[in-house]
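Have a look at this one before I ask anything.
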């Protein structure tokens, strides 16, 4: 099983330093945040992309995934979303995603993850579903051409937050181009059992996010082992489907002590899979 750590937990560090730190801890991969301050595509020059590739080679690190979910460079965590009421804002999400596909190709990443539509702000679920489908159609050909798979990440409170809603959408998509970013904590938050879902959705899964969640099921990422999810059982389910990609620890909630969090999470994971 291959473990990575998401750079969105290292906002106080440069991407180059983050790669070095995670490699020193023992991670095999890094999820690169396609946003400030790390790798916002339109602010990252050809020379900057070359430096990232060089740092990865130097430290023998792979990219587990390009996180194309957040948009803090000129928006926030969710906005502009795929389902804004304003067509111009929806277009900005499409353009950002196209740039992230190109970035992933440039850096040698096989997948990008994206938000599951976005918040239903003043629109119906039917409108949101239609807007999301239109947006995905607008990026599909670029992803196919670049051989980068777009992974949709269900999240509590957004258009698609559970497995049923994901499957409703996925049956309309090309599985060679689109897939699932399986966030273990997110499914737990909406009352589903990640361990049971993994074998059912194995053909769709391109990448995992891992964090723990409290028994309250409130969406707040906790250190592995400090919440209510049976993570050893979940990881055994990942092993059971012979998954060849990465399980990426996502602890953006620990930005003030990112190095310690990454180190402690790695120790926990090595202990439970030994």
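The values are calculated or read from the model by the stated rules, or taken from the named source; none is laboratory data. All figures in this text were calculated on a predicted structure; none of them were measured in a lab. Cβ: placed from backbone, ideal geometry, glycine included. Neighbour counts: every protein chain shown.
Return the residues of the stretch 2-16 that are assigned to a loop (DSSP other than H, G, I, E, B) and surrounded by fewer than 16 Cβ atoms within 10 Å (Cβ to Cβ); say none if nothing qualifies.
The answer is 12, 14.
Another question, if that's okay. Within the stretch 141-164, take every residue that is part of a helix (DSSP H, G or I) and either modelled with pLDDT under 95 or within 18 Å of the chain's Cα centre (by Cα) (or both) and give me the one that is surrounded by the most Cβ atoms within 10 Å (Cβ to Cβ).
Residue satisfying both the conditions and the ranking: 143.
The rows are residues; the columns are (1) farther than 28 Å from residue 268 by Cβ; (2) without any contact (Cβ under 8 Å) to a residue 60 or more places away in the chain.
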residue: 10; (1), (2): no, no
residue: 24; (1), (2): no, yes
residue: 31; (1), (2): no, no
residue: 39; (1), (2): no, no
residue: 49; (1), (2): yes, yes
residue: 53; (1), (2): yes, yes
residue: 58; (1), (2): no, yes
residue: 67; (1), (2): no, no
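I'd like to check something: does the stretch 253-269 contain any residue that is under 13 Å from residue 1 (Cβ atoms), at pLDDT 95 or above, part of a helix (DSSP H, G or I) and out of contact with any helix residue (DSSP H, G or I) (no Cβ under 6 Å at 6 or more places or on another chain)?
yes
Let me ask something else about it. Can we say residue 174 is within 27 Å of residue 246 (Cα to Cα) and not in a helix (DSSP H, G or I)?
When the stated conditions are applied, residue 174 passes them.
Test residue 237 against the criterion of being closer than 25 Å to residue 149 by Cα, part of a helix (DSSP H, G or I), in contact (Cβ under 8 Å) with a residue 24 or more places away in the chain and touching a helix residue (DSSP H, G or I) at 6+ places or on another chain (Cβ under 7 Å), and give yes or no.
yes
Being out of contact with any helix residue (DSSP H, G or I) (no Cβ under 7 Å at 6 or more places or on another chain) and either more than 17 Å from residue 148 (Cα to Cα) or assigned to a helix (DSSP H, G or I) (or both) is the filter here, so list the residues in the stretch 183-210 that pass it.
Selection gives 183, 185, 186, 189, 190, 191, 193, 196, 200, 202.
Taking residue 179, is it in a loop (DSSP other than H, G, I, E, B) and buried (at least 18 other Cβ atoms within 10 Å of the Cβ)?
Judged against the criteria, residue 179 is not a match.
Run residue 103 past the list (1) touching a helix residue (DSSP H, G or I) at 6+ places or on another chain (Cβ under 6 Å); (2) farther than 22 Å from residue 170 by Cα; (3) free of Cβ contacts under 8 Å to residues at least 60 places away in the same chain and report the number of the one that doesn't hold.
(3)
Given the residues 259, 247, which is the only one that is surrounded by 14 or more Cβ atoms within 10 Å (Cβ to Cβ) and touching a strand residue (DSSP E or B) at 6+ places or on another chain (Cβ under 8 Å)?
Exactly one residue qualifies, and that residue is 247.
Separate question: Looking at the stretch 229-242, is at least one residue surrounded by fewer than 23 Cβ atoms within 10 Å (Cβ to Cβ) and under 13 Å from the mean Cα position of the chain (by Cα)?
Checking the stretch 229-242: not a single residue is surrounded by fewer than 23 Cβ atoms within 10 Å (Cβ to Cβ) and under 13 Å from the mean Cα position of the chain (by Cα).
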